[in-house]
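Report on one structure; see the data block that follows.
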Amino acid sequence: MQRAATAATAILAAALAAPGAALAATSVATTGFTITYVDGPAPDRWGISLASSGPESSAISLDTLNDDLGPYHGAYDLFGNGTSNGGYHTSTLRIDVQEGYRITNLTLSGSAYGVLAPGELNGVAGVARNDVSLNWVLWETDDYHAAPPVRYLDFDGEHAFASTTGSLPYGRSFYVALLGAAEGYAEAAYDGTDFATSYALGAVRNAQLTVDVAPVPEPATWAMLAAGFALLGWRMGRRSAL
């Protein structure tokens, strides 16, 4: 799995280096913001879509990421040589906030799916390993914020995940870089006479980016609030004096 981690680091560095090097883009406009696919390894495969939308939150399906890290990367080994198979993904999205709104939080969610099936023959066990990782970084100009990564190693079954940024410091536009890897490694069992097949799988399913938004009060609204607090303070002061 060290090879996957090294490759992931290199891909993330490349994604952050040139967010504007896109040849094509896929955009989704929602209440409060527009999200645009601006960079990735294969422009003809770039894809995002609107999964759900509301006045305070919208979920964007990361279609290309799901295709790249989907469930078709199983590693089979029949004869003890050891085989690995995996999918890798990198992309950059730009979020443009509409006038009168602000982004309050981002959440990367979905599920990691793993299968570990080491072969067994006359007490000799084969090897099955898997590794699923998702890393994402937000930035505006030179201000970088690494969101909590997702990592599952040597696991069976399906596990839901949700990585959230919390309160965001960015202004009207910022970038999100996504980097993922899903890999399986298998090595058949061998008892000195025969082999037993081993199988391993790692995958990401239904990955989405949920964007929470809130309206920004107009200057007149702020003035009314300030006046209200001032009046409240004046009345409390008069009561104390009486």
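The values are calculated or read from the model by the stated rules, or taken from the named source; none is laboratory data. Every value quoted in this text rests on a predicted model; they were computed, and no experiment measured them. All Cβ positions, glycine included, derive from the backbone under ideal geometry; neighbour counts span all protein chains shown. Areas reflect the complete protein model, heavy atoms only, side chains present, ligands, DNA and RNA absent. Shrake-Rupley method; radii C 1.70, N 1.55, O 1.52, S 1.80 Å.
The table for this structure:
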| item | result |
| --- | --- |
| Inter-residue pairs, beta-carbon under 7 Å, first under 14 Å from Arg205 (Cα atoms) and in region 66-78, second of a type in the set (S, T, N, Q) and open to solvent by 30 Å² or more (accessible area, probe 1.4 Å), 6+ apart | Asn66/Asn206; His73/Asn85 |
| Answer residue from region 45-61, given it is of a type outside the set (D, E, K, R) and in a loop (DSSP other than H, G, I, E, B) and is nearest to the chain's Cα centre (by Cα) among those | Ile48 |
| Subset tally (residues that are closer than 30 Å to Phe195 by Cβ and either at pLDDT below 95 or among the β-branched types (Val, Ile, Thr) (or both)) for region 89-121 | 1 |
| Hits in region 163-201 - residues which are touching a His at 6+ places or on another chain (Cβ under 8 Å), farther than 20 Å from Ser91 by Cα and modelled with pLDDT of 95 or more | Gly184, Leu201 |
| Lone qualifier among Gly86, Gly70 - being under 15 Å from the mean Cα position of the chain (by Cα), at pLDDT 50 or above and within 30 Å of Ala186 (Cβ to Cβ) | Gly70 |
| Sole exception among (1) touching a Gly at 6+ places or on another chain (Cβ under 6 Å); (2) open to solvent by 20 Å² or more (accessible area, probe 1.4 Å) for Asp96, by number | (1) |
| Only listed residue being β-branched (Val, Ile, Thr), outside any strand (DSSP E or B) and in contact with a strand residue (DSSP E or B) (Cβ under 9 Å, 6 or more places away or on another chain), chosen from Thr90, Thr64 | Thr64 |
